[in-house]
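Read the structure below first, then the notes.
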Amino acid sequence: MMTTRASYGCQPELSRGRLYPEPGGESRGPRNIFQRDRDRIIHSIAFRRLRHKTQVFVAPDGDHYRVRLTHSLEVAQIGRTIARALGLDEDLTEALCLAHDIGHPPFGHAGEDALEAAMAPYGGFDHNAQTLRTLCKLESPYPLWNGLNLSWELLEGLAKHNGPVRDPNWALREIDGAFPLDLWSNASLEAQIAAVADDIAYDNHDIDDGLRAGLLTLDQLLELPFIAARWQAICDRYPGARHETLIRELTREQIGVMVNDVIDTTRARIAATGVETADDVRQAAQTIGGFSAELAERERTLKRFMYANLYHHPTQIDAAARASVVIADLFAAYWADPALMPEEWRASMPDEEPQRSRHIADFLAGMTDRFAQKCHHEIMGEQ
């Protein structure tokens, strides 16, 4: 695999830097700016909290189910593999993968929907913008500035990894106003690869968790022709192997097919567009990193299957409904009586709207599943 750095990737020595100049520059250890970004994320409290935040199952009882933390680690592994093959900056790619879900509130998308509803009169809520808000404002371990003071390239990638942002919400506008991120342009290839690595990870690992939980069956999965063909090939190759082992082999092969497709397709698009620098990538007329048209259609089919059979499974809908009640109740309780919040949050509660409600949303978004449930029990009693 190619390991030399490509000119169209982000170059740490050409970084646009950080919002706040740092005493001593980049001299704290033999690390470049993107490596330090990655390390700041790994050492952050917000990153550690991901170990108790929902990926698919709300507060899962089993030790083998994925949570936001393990999902982020798996995304990072896939992202680094693709970045290495394409000659991109692996450290920046890894940092983007590790940080991309930090803004998720407890209870996954159910928690986000509930927080969005509570925040509708105050500008709304979006987990992607909350990721930047957390990293730039709320996570503050340094004495001279708020936030982690991450590089422009990392913040740009987090803001735009799903494509240019035409209509940023209030939270992203605040970040962009302080440190303009060229929201109208494409993201770097590192960010584009981080986005597709996220798709690859949850498309396949959510299937694994769904099968393990008994909410999906193999027969359902084999209704998809491209899955059925791969499953048959695996069974023919490993006659007599344990069923559970074959399932895991299916997951691995599906990931491998997707990764190889992204590498081949992205290389072809790089050649076709003639991009030579990271800025060329940002100015390109199309997204360069991603699936081929054929695999993109299969991936959309797989997503539709997952929504119909797993994410909207009656068990999941019931859990989401209960989670929504927890978030709605807590938001209302803290708004009515800020004394219910921890002292450091209560002391900094703004008096005016929308800042007051946004402060409450920041507190709720940082909660883990189990802490939200604990707070709800303490305030509301048994439900």
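The numbers here are math on the coordinates, done by the rules we state, and not lab data. Owing to the predicted nature of the structure, the values given are computational and were not obtained by experimental measurement. Every residue, glycine as well, gets a Cβ built from its backbone with ideal geometry; the counts of neighbours run over all protein chains shown.
Once Lys and Arg get +1 and Asp and Glu get -1 on their Cβ, which of H243, G256, A284 lies farthest toward the positive end of the dipole of the stretch 190-312?
Going by the Cα projections, it comes out as H243.
Want the number for R237 to T301: 0.36 nm per residue separation, take away the alpha-carbon distance, what's left?
Details: separation 64, 0.36 × 64 = 23.04 nm, distance 2.62 nm.
This chain segment gains 20.4 nm when fully extended.
Compute the convex hull volume of the Cα atoms of the chain, divide it by the residue count, and report the result per residue in Å³ as a whole number. Please report the intermediate quantities before stating the final value.
Numbers: hull volume 57.9 nm³, N = 383.
Dividing the Cα hull volume of the chain by its residues yields 151 Å³.
When the chain is modelled as a GNM with alpha-carbon springs shorter than 10 Å, which of E190, E74, E352 fluctuates the most?
Most flexible of the set in this elastic network: E352.
Using only Cα positions of the stretch 233-383, each an equal point scatterer, no hydration layer, compute I(q)/I(0) via Debye at q = 0.12, 0.14 Å⁻¹ and quote the log10 values to two decimals.
Values, matching the q order: -0.87, -0.90.
Under 5 Å between amide H atoms, partner at least 5 residues away or on a different chain: which partners does S140 have, H built in plane at 1.01 Å?
Residues meeting the amide H criterion: G147.
Per residue, how big is the convex hull around the C-alpha atoms of the stretch 158-262? Give it to me in cubic angstrom, could you?
So the per-residue hull volume is 140 Å³.
Taking every pair of alpha-carbon atoms in the stretch 92-216, give the share separated by more than 17 Å as a whole percent.
Numbers: 4781 of 7750 pairs.
Above the 17 Å cut-off, the stretch 92-216 has 62 percent of its Cα pairs.
To the nearest 20 debye, what is the magnitude of the charge dipole of the chain about its Cα centre, counting +1 on the Cβ of each Lys and Arg and -1 on the Cβ of each Asp and Glu?
Details: 40 positive and 57 negative charges, 119 e Å.
In total the dipole reaches around 580 debye.
Counting only C-alpha contacts under 8 Å and six or more residues apart, can you give the relative contact order of the stretch 190-312 as a whole percent? Display every interim value, and only then the final one.
Details: 71 pairs, mean separation 44.4, N = 123.
Relative contact order comes out at 36 percent.
Debye sum, Cα scatterers, the stretch 190-312, no solvent: what log₁₀ I/I(0) at q = 0.14, 0.16, 0.22 1/Å?
The calculated log intensity ratios at q = 0.14, 0.16, 0.22 Å⁻¹ are -0.66, -0.81, -1.27.
Which one, C375, A336, Y311, is farthest towards the positive end of the dipole of the stretch 301-383 when Lys and Arg carry +1 and Asp and Glu -1 on their Cβ?
Y311
Helix-only mean residue ellipticity at 222 nm, the chain, DSSP H runs n ≥ 4 weighted -39,500 (n - 2.57), per residue, nearest 500. What is it? Numbers along the way, then the final one.
Values: 18 runs with 225 residues, N = 383.
That calculation yields -18500 deg cm²/dmol at 222 nm.
Near K53, which lysines are there with a Cα under 16 Å away, not counting those fewer than 8 places off in the same chain?
K374
Using Cα pairs under 8 angstrom and six or more residues apart, how large is the relative contact order of the chain, in percent? The partial results should precede the final answer.
Numbers: 545 pairs, mean separation 82.4, N = 383.
Computed value for the chain: 22 percent relative contact order.
Mean-square fluctuation check for the chain, GNM, Cα pairs under 10 Å: which of G240, G17, G210 is largest?
For the chain, modelled as a Gaussian network with Cα springs under 10 Å, the answer is G240.
How large is the Kirkwood hydrodynamic radius of the stretch 54-160, in angstrom, based on all distinct alpha carbon pairs?
On the way: mean 1/r = 0.0655 Å⁻¹.
This gives a value of 15.3 Å.
Calculate the all-directions average of the projected area of the stretch 297-351's alpha-carbon convex hull, and give it in nm². Write down the numbers at each step before the final one.
Values: hull surface 24.7 nm².
Orientation-averaged projected area of the Cα hull: 6.2 nm².
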